[in-house]
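The values are calculated or read from the model by the stated rules, or taken from the named source; none is laboratory data. Source: prediction; values computed, not measured. Using ideal geometry, Cβ is built from the backbone for each residue, glycine included, and neighbour counts are taken over all protein chains shown.
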């Protein structure tokens, strides 16, 4: 208190000397410049840990903690009065797959008087804060976290900006101000106006835990997408729990007071070692970050020069607000890819535009038929897709009688559909019928439909099919866009089921479940193969219609292009140096106008 006026008296806990404290390591004046905003931001991290329990057993009621209210834990009598009257958690963590607040409230704590602890550390240096640890009785109530947070805020000389990261912050912050106002009114925190502090506090979710939340949370509570957060990850406390858990087997057998003294000594030793080695840790990080900053600046300059009017794009981006906004359905963010109308033209969208054009322009209608040409060509493309499906069914080895019967039924259905389509073809392209009748009609799955892409350029000129060529080219591009979109989804689904199958808990699950899981994996592989062949067929047809072989919008699909990274798994060795293939970078640009492509570049550059 003599060296740093305003710091907490009667404290045995080594504080974090690197976090901002006015009058000690920073000026008391408020920093107005955005570039220096991080210097006056206090980053706190809250988390529950269920490895520091205390068993329900006969103990010494006179055993009191000698370091009570001088360390991490609050005064026992005051805290017990609060925890006994603290209402249960009503906010459900429905958005998070982790659901920590509910998952840990299990019967496994039935023989424990203390199920674990809630701790508060500084998020950037992982140093435990004075008064920032409380015991849990049955689960991770938000009210218990509030008490620990209030103890930390009361002891610190607060700066203008406070950030709290918590794995369930999306639910915790909803009624945070109300809980501080109502629940803490009868405690030692009454009259300190801490509700005013938390009202201006930014609540976010640590980066790893955020992956278990829904998309809206990932934009609303992301450290990556919030200004002045730097490279803070918010996961530092997990490392402290790994160290503290080693003492869990010992402290769970202790009396209440002895346990408090032991945990205070243990966590304070952690703090002391952190402070001794903080300079050695921060110095190489500063050098590394400076190098990465230079590399990022160099890359940005290259991208700026590579894009036409790059400077104007940057100026426009700087005017956009980076704050997430709830629009009544989703969280809108400048970092969230927008599915703008017309930016991804699938086959159905292209067909709709063609039909509208033909209806509005009488000259675009075939005078020999009331059916639009675009509808006729689109049916032909669907027939080709049905042909590929039937051929695949017939070629499967070791078919059961049921599968053989189903393949025959599909083959007959295809025959009927082709015959019906031939009637339209005779109306639209009567000169092609001489080529049609020369075929063998026994196997409809291998029958050539004689769409423009089935003919040579010379044959198309002879039969006057230029109008059909234009229509098929546009529909093929839409079909290729659909194939790319579906192939991405199929690859993600395949990666998901394979990762699930390879989890240790799924190694020994019995023959029946193994066979079922292998069937699911095979089904996911069949979907990948289906959409892969669909794209290859579309691209081949477009090349026949005049698409350049080296077209950048629809490049050749190779087997290595089908590899994708699993963002929820551990990073593999060398993965950081590998770039995703064109399949994950394209946006179905083939059907866009120049203006649409420019807009797409602006949104996704």
Considering 114, 93, which residue is surrounded by 13 or more Cβ atoms within 10 Å (Cβ to Cβ), at pLDDT below 60 and either closer than 25 Å to residue 181 by Cα or over 33 Å from the mean Cα position of the chain (by Cα) (or both)?
93
Report, by residue number, each residue of the stretch 58-80 that is more than 22 Å from residue 12 (Cβ to Cβ) and in contact (Cβ under 8 Å) with a residue 60 or more places away in the chain.
59, 60
Within the bounds of the stretch 457-470, is there any residue that is surrounded by 16 or more Cβ atoms within 10 Å (Cβ to Cβ) and within 21 Å of residue 390 (Cβ to Cβ)?
no
Take the stretch 139-156 and flag every residue that is at pLDDT below 90, under 29 Å from residue 224 (Cβ atoms) and out of contact with any helix residue (DSSP H, G or I) (no Cβ under 9 Å at 6 or more places or on another chain).
156
Please work out which one of (1) modelled with pLDDT of 85 or more; (2) loosely packed, with under 15 Cβ neighbours inside 10 Å; (3) closer than 19 Å to residue 385 by Cα is the condition residue 441 fails and give its number.
(1)
Hey, could you check the stretch 157-167 for residues that are touching a helix residue (DSSP H, G or I) at 6+ places or on another chain (Cβ under 6 Å) and part of a loop (DSSP other than H, G, I, E, B) and say which is surrounded by the most Cβ atoms within 10 Å (Cβ to Cβ)?
167
Restricting attention to the stretch 98-108, does a residue exist that is crowded, with 19+ Cβ neighbours inside 10 Å and modelled with pLDDT under 90?
yes
Here are some conditions: (1) surrounded by fewer than 20 Cβ atoms within 10 Å (Cβ to Cβ); (2) modelled with pLDDT of 90 or more; (3) in contact with a strand residue (DSSP E or B) (Cβ under 9 Å, 6 or more places away or on another chain). Residue 177 meets all but one. Which one does it not meet?
(3)
What are the pairs with Cβ atoms under 8 angstrom where one residue, in the stretch 284-312, is closer than 25 Å to residue 231 by Cβ and the other, located anywhere, is modelled with pLDDT under 70 and part of a loop (DSSP other than H, G, I, E, B)? Sequence gap at least six, or different chains.
303/605
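Condition check ((1) under 30 Å from residue 251 (Cα atoms); (2) assigned to a loop (DSSP other than H, G, I, E, B); (3) out of contact with any strand residue (DSSP E or B) (no Cβ under 8 Å at 6 or more places or on another chain)) across all residues:
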site: 14; (1), (2), (3): yes, yes, yes
site: 17; (1), (2), (3): yes, yes, yes
site: 24; (1), (2), (3): no, yes, yes
site: 38; (1), (2), (3): no, no, yes
site: 47; (1), (2), (3): yes, no, no
site: 58; (1), (2), (3): yes, yes, yes
site: 67; (1), (2), (3): yes, yes, yes
Among 234, 212, which is crowded, with 17+ Cβ neighbours inside 10 Å and on the phi > 0 side of the Ramachandran plot?
234
Here the qualifying pairs (Cβ atoms under 6 Å; residues six or more apart or on different chains; first in the stretch 508-533 and over 15 Å from residue 487 (Cα atoms); second surrounded by 15 or more Cβ atoms within 10 Å (Cβ to Cβ)) come out as 517/501; 520/497; 521/497
Among the residues of the stretch 170-207, how many are under 23 Å from residue 124 (Cβ atoms), assigned to a loop (DSSP other than H, G, I, E, B) and touching a residue at least 40 places away in the same chain (Cβ under 8 Å)?
2
